[in-house]
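The values are calculated or read from the model by the stated rules, or taken from the named source; none is laboratory data. Since this is a predicted model, take the numbers as computed values, not measurements. All Cβ positions, glycine included, derive from the backbone under ideal geometry; neighbour counts span all protein chains shown.
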Amino acid sequence: MYRGRGNCNFHVTAPFAIIMNPERRTEFDSQFNTGRRVKVINDYTLIDYMAYNGVWPTSPRDFVSCVHWRIHEGNIVVAAFATSHKDCPDVEGHVRGELILGGWVLRPTGATSCEINYIVQSDLKGSIPKTVVNLAAESQPMLVNGLRRVLEKDKTGESKTNFRFVLPQRSAVTLQDCLEVFRQVSLIYDLFCFTLIFFMCRFFLLLDPSWRCFIFLIFHQHQPEERILRRGDDENEEP
């Protein structure tokens, strides 16, 4: 496993926006050839296809990866591993590699600064000379420096809006979305009912004792009549 680490004077969402866009990887990865987003599973899980240039005398490699990101303890964590998809068949002239584990950890260090961490472990498959393997693997942690250079050149600030801005928008509402909305509404309703009951109890306790007795009698004055009516209905029923 190879690692890279570096700091940059940008908001943590700026490198995140570039990392999550496979079309921009060529800007900071010299070995990268082309890539595309294959499928958006949900707002946090994606499937990407990436193809890399070959190092003579080896063939180019390509990867199909499942990418998942989360916010954990204030850090943005991006994890990726190998998968397969029907829209990503084997490409002639390329060897399908396996991404065992790869990812980024973006840790805020200030209002406009962050620490970038990168890890990767992959199996390039095929017969590759050890020198080529070492050359390809050792250059991967240098992506942190390349990403920082891209950020320094890109001063537009478009990536500082919000996390989901860089993800494709879905045209359909899924059952998971409906359940999440229902859960949020249920929580708000429960909180409203609890707050209402709490303030009603507080108001009742702050009242003068005579008023509390009066309210108590109002709530219970009809209860004996209901019992009499029910008893009368039972006596009128034919056996």
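Assess whether residue 29 counts as being out of contact with any Phe, Trp or Tyr (no Cβ under 6 Å at 6 or more places or on another chain), over 30 Å from residue 109 (Cβ atoms) and surrounded by 17 or more Cβ atoms within 10 Å (Cβ to Cβ). Outline the logic, then answer.
Values: out of contact with any Phe, Trp or Tyr (no Cβ under 6 Å at 6 or more places or on another chain): yes; over 30 Å from residue 109 (Cβ atoms): no; surrounded by 17 or more Cβ atoms within 10 Å (Cβ to Cβ): yes.
No: the conditions fail for residue 29.
Take the residues of region 1-46 that are under 16 Å from the mean Cα position of the chain (by Cα) and without any contact (Cβ under 8 Å) to a residue 40 or more places away in the chain: which is farthest from residue 88 (Cα to Cα)?
44
Can you tell me which of (1) surrounded by fewer than 15 Cβ atoms within 10 Å (Cβ to Cβ); (2) touching a Ser or Thr at 6+ places or on another chain (Cβ under 7 Å); (3) without any contact (Cβ under 8 Å) to a residue 24 or more places away in the chain is the one residue 90 doesn't meet?
So the condition that residue 90 fails would be (2).
Among the residues of region 52-67, what is the count of those that are among the small types (Gly, Ala, Ser) and surrounded by fewer than 19 Cβ atoms within 10 Å (Cβ to Cβ)? Even if it seems obvious, please write down each step before you answer.
Of region 52-67, the ones among the small types (Gly, Ala, Ser) are 54, 59, 65.
Restricting the remaining residues to those that are surrounded by fewer than 19 Cβ atoms within 10 Å (Cβ to Cβ) gives 54, 59.
Final tally of qualifying residues: 2.
Select from region 1-52 the residues that are over 19 Å from residue 152 (Cα atoms) and of a type in the set (Val, Ile, Thr) and write down the one among them that is modelled with the lowest pLDDT.
34
Run down 18, 41 and say which single residue is of a type in the set (A, V, I, L, M) and either touching a strand residue (DSSP E or B) at 6+ places or on another chain (Cβ under 6 Å) or surrounded by fewer than 16 Cβ atoms within 10 Å (Cβ to Cβ) (or both). So that I can check it myself, show each step before the final result.
Values: 18 fails: either touching a strand residue (DSSP E or B) at 6+ places or on another chain (Cβ under 6 Å) or surrounded by fewer than 16 Cβ atoms within 10 Å (Cβ to Cβ) (or both).
That would be 41, the only listed residue that is of a type in the set (A, V, I, L, M) and either touching a strand residue (DSSP E or B) at 6+ places or on another chain (Cβ under 6 Å) or surrounded by fewer than 16 Cβ atoms within 10 Å (Cβ to Cβ) (or both).
Just give me the residues in region 84-121 being closer than 22 Å to residue 142 by Cα, not in a loop (DSSP other than H, G, I, E, B) and not hydrophobic (A, V, I, L, M, F, W, C), in sequence order.
The initial filter retains those residues of region 84-121 that are closer than 22 Å to residue 142 by Cα, namely 97-109, 113-121.
If we keep only those that are not in a loop (DSSP other than H, G, I, E, B) as well, we get 98-109, 113-121.
Across region 84-121, the qualifying residues are 98, 102, 103, 107, 108, 109, 113, 115, 117, 118, 121.
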